[in-house]
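Everything on this sheet refers to the single structure shown next.
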Amino acid sequence: MSDCIFCKIIRGDIPSKKIYEDDEIFAFHDIHPAAPVHFMIVPKQHIASLAEADMSHQKILGRLLAKAGELAKGQGLNDGFRTIINTGYVGQQEVYHLHAHILGGPEPLGPMLKQRAS
């Protein structure tokens, strides 16, 4: 998709702080990090969201997740990390190109979600 910001990053039209690239996936640092280490892994193929993925995407989804640990360790996240895939409006997906956020740092990240008032 020509107007997708992640497609533009993958093509090199928009600069990024690239961590990794192969024929199928691209990983780069988030420009607004929410943790000391925060990067994203995206498939090069434009898939709008996890809700749009199907069994034809099985190989690329597996590759994306299988590479996450190696890339996280390469960024110094040896004691663990959080993997987040936001999907759709309710999931607060901001860019409609499937992507996995990898976050971590020297300290635990805290709770997954804010507790709602009763």
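Quick note: the coordinates plus some simple rules give every number you see, no bench work behind them. Since we're looking at a predicted model, the values are computed, not measured. Here the Cβ is made from the backbone with ideal geometry for all residues, glycine too, and neighbour counts use every protein chain on show.
Can residue 64 be described as within 19 Å of residue 4 (Cβ to Cβ) and either among the hydroxyl-bearing types (Ser, Thr, Tyr) or assigned to a helix (DSSP H, G or I) (or both)?
Considered against the rule, which asks whether it is within 19 Å of residue 4 (Cβ to Cβ) and either among the hydroxyl-bearing types (Ser, Thr, Tyr) or assigned to a helix (DSSP H, G or I) (or both), residue 64 comes out as yes.
Suppose we filter region 1-57 for residues that are in a helix (DSSP H, G or I) and either aliphatic (A, V, I, L, M) or over 14 Å from residue 101 (Cβ atoms) (or both); how many remain? The total comes to 12. On the stretch given as region 70-87, residues that are assigned to a loop (DSSP other than H, G, I, E, B) and over 19 Å from residue 49 (Cβ atoms) total 7.
Within the bounds of region 105-118, is there any residue that is of a type outside the set (Gly, Ala, Ser), buried (at least 16 other Cβ atoms within 10 Å of the Cβ) and within 21 Å of residue 49 (Cα to Cα)? Within region 105-118, not a single residue is of a type outside the set (Gly, Ala, Ser), buried (at least 16 other Cβ atoms within 10 Å of the Cβ) and within 21 Å of residue 49 (Cα to Cα).
For the condition in contact (Cβ under 8 Å) with a residue 24 or more places away in the chain and within 13 Å of the chain's Cα centre (by Cα), what is the one hit in 41, 5? Steps first, please.
Numbers: 5 fails: within 13 Å of the chain's Cα centre (by Cα).
Within the list 41, 5, the selection yields 41.
Report, by residue number, each residue of region 32-71 that is loosely packed, with under 13 Cβ neighbours inside 10 Å and out of contact with any Ser or Thr (no Cβ under 8 Å at 6 or more places or on another chain). Those that are loosely packed, with under 13 Cβ neighbours inside 10 Å and out of contact with any Ser or Thr (no Cβ under 8 Å at 6 or more places or on another chain): 32, 34, 54, 55, 56, 58, 59, 62, 66, 70.
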